Amino acid sequence: MKTSSLDRLRNGLVLLLVLTGLWQVLYWCVGDVALRSPLETFGYTAYLLGSARFWPNLVETAQAFGLALVISVVMGLAIGFTLGLSRIANAVFEPVLVSSYAIPKITLYPILLLMFGLGMSAKVAFGVIHGVIPIALFTTDAVRHIRPVFLKTGRTMGLSPLEMAWRILLPAAMPEIFAGLRVGFSLTLIGTLLGEMFASQRGIGYLLMNAIGLHNVDLIMSLTFMLTLFAGAASVILLAINRRMQQRT
Amino acid sequence: MSPAGRPQVSLRQVEKVFTPPGRKGASVQALGPLDLELFNGEFFAVVGPSGCGKTTLLELVAGLSVATSGDVEFEGRPIAGKILQGVGVVFQEDASFPWLTVTDNIGFGLGKLRLSAEERRDRVESALAMMGLTAFAHSYPAQLSGGMRQRVCIARTLVMQPRLILLDEPFGALDQQTRLLMGDELLNLWRKTGATVFLITHALDEAAMLADRIGVMSARPGCIIDVVETGWPKDRDSRIVQEDRFGTITARLWRSLRAESMRAIGYQGVKA
């Protein structure tokens, strides 16, 4: 292992230890009413992972999140490429997109519920409206800032428009697009979980909402811990890939 | 070298006018009317003041832009904004693709030629060797110097085996010593490939050292106001800069260009 990788691993471990320490201190200050200690949470998490009711809910969330992410990425890239390549489309629609990014998506919850009802479609839609806009905005910006000399080179090589998109536009814009995917990933996860909390009867979000209703602090802490772990790990991996891409440019 | 026979590239009464989008503001005549002929296997350089339309001229020949009026032909076929096979372009800016290795950069355009895998590999390996890049075959452009990245771009053009190579100030971003050495490499390649080279440059010494013929452009709208024949032997390198004739050629170029350069920048401090 290289020295820089060892350094990063050591830094990560130190950060985890500090956060766990802070958690323990917070638990001592607040007490059992609102929190559980790290050790109790790890224990309950192990119990939850062994219980039968956890896995179907996890699968439900994974399916909803996976679907929402795929739709967000495909739609975001399509919108981003269109706005990045067409000056007119950009002038007309980009301000709309930027404004929609600022709207608190939770206000759209009643409309989505009426449109999709309770269940998978509503939470996927909720995930998509959170994830698609940042991906589209980052992609638009990335495509607009591709160096013209790359496109000229593609033209002198006789590339067709499709080849130009696949072989030059996409890879040239990829580092910035990937930064958008990273943000989109997190927001799609948040959207899907919010959708499950308000518009579903299955999934991790539903379990969490149920635990809040029953004041089941063990379950709240355990689910929050697992979600934080998943989102944090995914973010670290995506950030590492993103950094690797940026190094080449 | 005295050009003879049918020209490989010919421009007749070519004009290029840029009209602002939405037709707001005045149109700008960038070029012409301009006449020029390039002959098979010659090394032709164009020098001219800043903003005289040198790059516009190259883009017309490359098919990246269309003339407002006049005819531009390559091997008897009208170009008119089409990218014709047999024409390769190297730009001033670093155009190496940062997401590809040196090998993949060089082989980038070969997919269009429908070659066998073996032929493709041979062409890439020979271009790597010719440009002294074999040791960096698996490196990414970010790991190379500016001069090496430009060599990657030249190699990417060479593997396509063009009959006409267009170079738009390819060494503009390099230091003087590297430019002289890259000039030597370019002369070597020109001799080996037998292609016609059309070089746009702002450096009079570079044109004087490299070209068989040098076209001098006027300030905008750019026209060819003088063509200087250097008379160098084909087998030459950067050491010719110490010859008396090199100074004579450079001086003649500057004599033709001085007034135009002053006109281009609106300079009125001294008499033309």
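Between helix B:117-130 and chain B there is an angle of about 60 degrees, using the helix long axis and the longest principal axis of the Cα atoms. By how many degrees, 0 to 90 and rounded to 10, does the Cα axis of helix B:176-193 deviate from the longest principal axis of chain B? The angle comes out near 70 degrees.
Taking the charge dipole of chain B about its Cα centre, with +1 at Lys and Arg Cβ atoms and -1 at Asp and Glu Cβ atoms, the residue from B:Val17, B:Leu60, B:Tyr140 reaching farthest to the positive side is B:Val17. Between the beta carbons of A:Tyr47 and A:Asn216, assuming R0 = 22 Å, the FRET efficiency works out to 0.95 to the nearest 0.05. Only Lys, Arg, Asp and Glu carry charge here, each on its Cβ (+1 for the first two, -1 for the last two); on that basis chain B has a dipole of about 540 debye about its Cα centre. Name the helices (complete DSSP H segments) of chain A with a Cα length along the long axis of 30 Å or more and a Kyte-Doolittle mean of at least 0.0, or state none. Going by DSSP H runs, the hits are A:3-30, A:54-85, A:120-144, A:170-199, A:217-248. By the rule of a C-alpha distance below 17 Å, with chain neighbours fewer than 8 residues away ignored, the aspartates and glutamates paired with A:Lys152 are A:Glu163, B:Glu59, B:Glu93, B:Asp94, B:Asp168, B:Glu169.
When a footprinting reagent is the concern and you count Cβ atoms within 10 Å, what order do B:Trp190, A:Trp28 take, fewest first?
A:Trp28, B:Trp190
Take every pair of alpha-carbon atoms less than 8 Å apart whose residues are at least six positions apart; their mean separation over the length of region B:1-74 yields a relative contact order of 42 percent. Other residues with beta-carbon under 11 Å from the beta-carbon of A:Ser160 carry, at +1 per Lys or Arg and -1 per Asp or Glu, a net charge of +2.
Taking other C-beta atoms within 10 Å as the exposure proxy, B:Phe91, A:Phe116, A:Phe126 rank A:Phe116, B:Phe91, A:Phe126 from fewest upward. Computed on region B:9-50, with alpha-carbon pairs under 8 angstrom and 6+ residues apart, the relative contact order is 42 percent. With unit charges on the beta carbons (Lys and Arg positive, Asp and Glu negative) and the dipole taken about the Cα centre of chain A, which residue among A:Gly213, A:Leu162, A:Pro134 sits farthest to the positive side? So the residue we want is A:Leu162.
The distance between label points at A:Ala62 and A:Ile103 comes to 3.3 nm (points 7 Å beyond Cα on the Cα→Cβ vector). Let a ≥ b ≥ c be the square roots of the eigenvalues of the Cα gyration tensor of the protein assembly as shown; is it rounded (a/c under 1.5), or, if not, prolate (a/b larger than b/c) or oblate? In terms of gyration-tensor shape, prolate.
Answer rounded, prolate or oblate for chain A, using the Cα gyration tensor with square roots of eigenvalues a ≥ b ≥ c: rounded when a/c is under 1.5, else prolate when a/b is larger than b/c, else oblate. Note, shape of chain A comes out oblate.
Between B:Leu115 and A:Val70, what FRET efficiency comes out of the Förster formula 1/(1 + (r/R0)^6) with R0 = 51 Å and r the beta carbon distance, rounded to 0.05?
On the way: r = 37 Å, r/R0 = 0.73.
FRET efficiency, A:Val70 to B:Leu115: 0.85.
Taking Cβ atoms as reference points and 10 Å as the exclusive limit, the residues near B:Ala211 contribute a net charge of -3, counting Lys and Arg as +1 and Asp and Glu as -1.
Taking the Cβ-Cβ separation of B:Ala251 and A:Leu17 as r and a Förster radius of 51 Å, what is the calculated FRET efficiency to the nearest 0.05? Intermediate results must be reported in sequence, preceding the final value.
Working: r = 74 Å, r/R0 = 1.46.
Computed FRET efficiency for B:Ala251 and A:Leu17: 0.10.
With 0.36 nm allotted per residue and the present C-alpha distance subtracted, the B:Thr134-B:Ile225 stretch has 28.5 nm of extension available.
Cα centroids of region A:20-64 and region B:71-141: 57 Å apart. Computed about its Cα centre, the charge dipole of region B:176-252 is approximately 160 debye, with only Lys, Arg, Asp and Glu carrying charge at their Cβ.
Its relative contact order, with pairs defined as Cα atoms under 8 Å and 6+ residues apart, puts chain B at 25 percent. Considering the dipole of the protein assembly as shown built from charges on the beta carbon (Lys and Arg +1, Asp and Glu -1) around the Cα centre, which of A:Ala89, B:Phe43, A:Thr153 is farthest to its positive end? Among A:Ala89, B:Phe43, A:Thr153, the one farthest towards the positive end of the dipole of the protein assembly as shown is A:Ala89. Placing unit charges on the Cβ atoms only, positive for Lys and Arg and negative for Asp and Glu, gives chain A a dipole magnitude near 940 debye about its Cα centre.
Sum up the charges of everything whose Cβ sits under 14 Å from the Cβ of B:Leu110, counting Lys and Arg as +1 and Asp and Glu as -1, but leave B:Leu110 out.
It works out to a net charge of +1.
Label separation (A:Thr224 vs B:Glu75): 7.3 nm, computed from points 7 Å beyond Cα along the C-beta direction.
Each reported figure results from applying straightforward, stated rules to the coordinates on display, with no laboratory input. Everything quoted here is computed from the prediction, not taken from an experiment. A quick note on method: Cβ atoms are made from the backbone with ideal geometry, for glycine too, and the neighbour counts reach across all protein chains shown.
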